[in-house]
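Novice: One structure, as structure tokens, below. Some questions next.
The values are calculated or read from the model by the stated rules, or taken from the named source; none is laboratory data. No experiment lies behind these values; they were computed from the predicted model shown. Positions of Cβ are generated from backbone atoms using ideal geometry, with glycine treated the same way; all protein chains shown enter the neighbour counts. Please note that ligands, DNA and RNA were not included when accessible areas were found on the heavy atoms of the full protein model with its side chains. Shrake-Rupley method; radii C 1.70, N 1.55, O 1.52, S 1.80 Å.
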Amino acid sequence: MSSPSADTLPLIDPFGRAVNYLRISVTDRCDLRCVYCMAEDMSFLPKAEVLSLEEIDRLASAFVRLGTRKLRLTGGEPLVRRDIMNLIRSLGRHVKSGALDELTLTTNGTMLFKHAAGLVEAGVRRINVSLDTLDPHKFQAITRWGKLSKILEGIRVARDAGLAIKINCVALKGVNDDEFHTMVEWCGQEGYDLTFIEVMPMGELGDLSRCDQYLPLSVVRAELQTRWTLDESDYRTGGPARYVTVGETGRRIGFITPMTHNFCESCNRVRLTCTGTLYMCLGQEDAADLRTPLRVSDSDALLEQAIREAIVRKPKGHDFIIDRRHQAPAVPRHMSVTGG
Ligand code: SAM
Ligand code: SF4
């Protein structure tokens, strides 16, 4: 049997991890200003620096040829980018052909009422919706600009259109730590899975301190166990979350613990920004420019070579720390640049 040629080999990093999951931040802009994610007076990238939707499609399709099986669109808020549904519909061809196992997105839910049906038609089967509280006043305080009722309506429309929903909830000390039971109960009633996330030190927040926000998920889990039966589960979505099943509701709860438990040994992903910069790790600075090889030639040979060279530089892991002695962010860019 002949061995495969170098340009058909799947992407494997120096630590033997297969890289088959690409997350794309399709815009750094957003219609909300969550306090842990952005400063209120953010400056955004000039439009000229941002890849066109056609360029993002070409880049994503190159990754699919190199063995990517899962694509997640994120941002900023992916559904605020103009004509984003054209890109989603176009990428859906890879799901329909069987080249991709999954096309999905992470959204704040503000535009779901408008786009849910289109997402299903495009081949999206499940989505993550970020929601940290069910209290309208707190929701406005966390997101600065958001209206809870609009989000809840959008999530319901998405569920009724046939999308499986996972709620992402960032645990915030003194903000939503009295609501975790309510979230579990509500997700049980509505039929949603739920994932708790530890806040990560990414980007400057103006006057706010990460120390004031940070709550380890060991605390969240201990609190949940006072009321719910949490059965260990070996369910995995290919991501960093570890799951339990709630005996009383039958729904899953995931825990993403970048701060207290490092999960980098099984990392299978890389992240592309809307300017075509590829970050091989969410928590490290090293990055590869894919926009130049993309624009320099109509053939994808240089692009594929640049992707392979980047994967060789994928670091072993991140080293996030939040405490009073480490007030500076681990990386200067906000989560909205690399997309969470
Ligand atoms: N706008 C979309 C949304 O909110 O779902 C997608 C982009 S957002 C950056 C992706 C996820 O990152 C959200 O679930 C958000 O809560 C989370 N996030 C943002 N900043 C974070 C931080 N500093 N630490 C932990 N999670 C963060
Ligand atoms: Fe926008 Fe999502 Fe960041 Fe909130 S978490 S500001 S919704 S990008």
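Novice: Name the residue farthest towards the positive end of the dipole of the chain from the options 133, 310, 118, assuming +1 on Cβ of Lys and Arg, -1 on Cβ of Asp and Glu, about the Cα centre.
Specialist: 118
Novice: Normalised by the residues of segment 20-338, what does the relative contact order come to in percent, with Cα pairs under 8 Å and at least six apart?
Specialist: Numbers: 612 pairs, mean separation 65.1, N = 319.
For segment 20-338, the relative contact order is 20 percent.
Novice: Mind jotting down the three principal axis lengths of segment 1-129 based on Cα atoms? Whole angstrom, largest first.
Specialist: Extents along the principal axes: 58, 33, 27 Å.
Novice: Also: Pairing the Cα long axis of helix 180-190 with the longest principal axis of the chain, what angle in degrees results, from 0 to 90 and rounded to the nearest 10?
Specialist: 70
Novice: Calculate, for the chain, the solvent-accessible area per residue in square angstrom, rolling a 1.4 angstrom probe over the heavy atoms of the protein chains. Let's see the in-between values first.
Specialist: Values: 14800 Å² over 340 residues.
Per residue, the chain has an accessible area of 44 Å².
Novice: Might you report the magnitude of the Cβ-based charge dipole of the chain about its Cα centre, with Lys and Arg at +1 and Asp and Glu at -1, to the nearest 20 debye?
Specialist: Working: 44 positive and 44 negative charges, 117 e Å.
With Lys and Arg at +1 and Asp and Glu at -1, about 560 debye.
Novice: Would you mind checking the tilt of helix 53-65 against the longest principal axis of the Cα atoms of the chain, expressed as 0 to 90 degrees and rounded to 10?
Specialist: Helix 53-65 sits roughly 80 degrees off the main axis of the chain.
Novice: Name the residue farthest towards the positive end of the dipole of segment 20-338 from the options 245, 64, 175, assuming +1 on Cβ of Lys and Arg, -1 on Cβ of Asp and Glu, about the Cα centre.
Specialist: Result: 64, furthest along the dipole toward the positive end.
Novice: Another question about this same structure. Roughly speaking, to the nearest percent, how much of the chain's 1.4 Å accessible area is carbon and sulfur?
Specialist: Using a 1.4 Å probe with all protein chains present, the chain comes out at 52 percent carbon and sulfur.
Novice: Let me understand segment 45-202 better: what is its radius of gyration from the alpha carbons, and its Dmax, in angstrom?
Specialist: Using the Cα atoms of segment 45-202, the pair Rg, Dmax is 16.5, 47 Å.
Novice: Using heavy-atom solvent-accessible surface (probe 1.4 Å) with all chains present, what is the largest-first order of 133, 182?
Specialist: 182, 133
Novice: Can you give the accessible area of residue 113, probe radius 1.4 Å, in Å² rounded to 10?
Specialist: 110
Novice: With all distinct Cα pairs included, what does the Kirkwood hydrodynamic radius of segment 20-338 come out to in Å, to one decimal, could you say? The partial results should precede the final answer.
Specialist: Details: mean 1/r = 0.0496 Å⁻¹.
For segment 20-338, inverting the mean 1/r across all distinct Cα pairs yields 20.1 Å.
Novice: Which angle between 0 and 90 degrees, to the nearest 10, do you get for helix 301-312 versus the longest principal axis of the chain when only C-alpha atoms count?
Specialist: The two axes meet at around 50 degrees.
Novice: Let me know the number of lysine pairs in the chain closer than 18 Å at the Cα, not counting same-chain pairs under 8 apart. Provide the component values of the computation, followed by the final result.
Specialist: Numbers: 70/96; 70/166; 114/147; 114/150; 138/147; 138/150; 138/173; 150/166.
Eligible lysine pairs with Cα atoms under 18 Å apart amount to 8.
Novice: Let me ask something else. I'd like the accessible area for residue 69: 1.4 Å probe, protein heavy atoms, all chains in place, Å² to the nearest 10.
Specialist: The accessible area of residue 69 comes to roughly 80 Å².
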